[in-house]
Amino acid sequence: MPRPKTHDEALRVKLLDRAGVLLSTEGPKALSLRKLAADVDTSTTAVYSLFGSKPDLVSALYIEGFRRFGRRLAAVPRTGDPIEDLVQLGLAYRASALADPHLYPIMFTKSVPGFEPNEEAVRLAAEAANALAVIVQIGVDAGVFIDVPPTSIAVGCWGIVHGLVTLELNGNLPPDFEPESGYAAALRANARGWLKPEVFGA
């Protein structure tokens, strides 16, 4: 296979995906620019041209992960029902993690010691999380959620889906747990737990 003659977007994405796989399967020590270039059948010059240094590559990985994640969450249609919207957002969270399991660790774990996201990376992560904050705020404004800080609700909802996803990606879900229905049931029960008693019983 001839090496690419241009350092284009397709090569950039290919390098990022391969870098993510190396990190998630072999750890940060496996992520050398020389090995990455060889695995993708390009030159180290191409890697340096597209990303610069190894820390810049790691930062690009983090940013790419949240770009994809944010697009998927933003694409979830709103139903007008805060509970159902929270469930659908949680299912989209899972779908995004399963689509890019090689990017998930760098987004949500300290998979690269010493890595600190830059300003752009922090902004993208916050924008992705905003989809959840908006749905929670709608529920608060509508008077359906209990009187606690919206952040508490958002973090609680995030925690349950993140926990389930982490178990699934690590192969730790029980064999009799059916993800398609199990996720929806767990997410719905959690979301309903934030309802005011008078709304829950309605």
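The values are calculated or read from the model by the stated rules, or taken from the named source; none is laboratory data. This is a predicted model, so every value here is computed, not measured. When we count neighbours, we look across all protein chains shown, and the Cβ atoms used for this are built from the backbone with ideal geometry, even at glycine. Calculation scope for accessible area: heavy atoms of the full protein, side chains included, ligands and nucleic acids excluded. Shrake-Rupley method; radii C 1.70, N 1.55, O 1.52, S 1.80 Å.
Taking the stretch 79-112 as the range and being in contact with a helix residue (DSSP H, G or I) (Cβ under 6 Å, 6 or more places away or on another chain) and more than 18 Å from residue 166 (Cα to Cα) as the test, the residues that pass are 79, 82, 83, 85, 86.
Taking (1) modelled with pLDDT under 95; (2) out of contact with any helix residue (DSSP H, G or I) (no Cβ under 7 Å at 6 or more places or on another chain); (3) under 26 Å from residue 78 (Cα atoms) in turn, residue 139 satisfies each apart from (2).
Evaluate the following for residue 141: is it open to solvent by 70 Å² or more (accessible area, probe 1.4 Å) and closer than 21 Å to residue 80 by Cα? Yes.
Here is a yes/no grid of residues against (1) more than 18 Å from the chain's Cα centre (by Cα); (2) of a type outside the set (Gly, Ala, Ser):
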{"site": "12", "(1), (2)": "yes, yes"}
{"site": "19", "(1), (2)": "no, no"}
{"site": "32", "(1), (2)": "yes, no"}
{"site": "40", "(1), (2)": "yes, yes"}
{"site": "43", "(1), (2)": "yes, no"}
{"site": "52", "(1), (2)": "yes, no"}
{"site": "56", "(1), (2)": "yes, yes"}
{"site": "87", "(1), (2)": "no, yes"}
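Mind checking whether some residue in the stretch 152-164 is in a helix (DSSP H, G or I), open to solvent by less than 50 Å² (accessible area, probe 1.4 Å) and in contact with a strand residue (DSSP E or B) (Cβ under 8 Å, 6 or more places away or on another chain)? Looking for residues that are in a helix (DSSP H, G or I), open to solvent by less than 50 Å² (accessible area, probe 1.4 Å) and in contact with a strand residue (DSSP E or B) (Cβ under 8 Å, 6 or more places away or on another chain), one finds at least one in the stretch 152-164, hence yes.
Being within 22 Å of residue 180 (Cβ to Cβ) and open to solvent by 40 Å² or more (accessible area, probe 1.4 Å) is a description that applies to residue 91.
The residues of the stretch 165-180 that are in a helix (DSSP H, G or I) and either open to solvent by 70 Å² or more (accessible area, probe 1.4 Å) or among the acidic types (Asp, Glu) (or both), listed by number, are 167, 168, 180.
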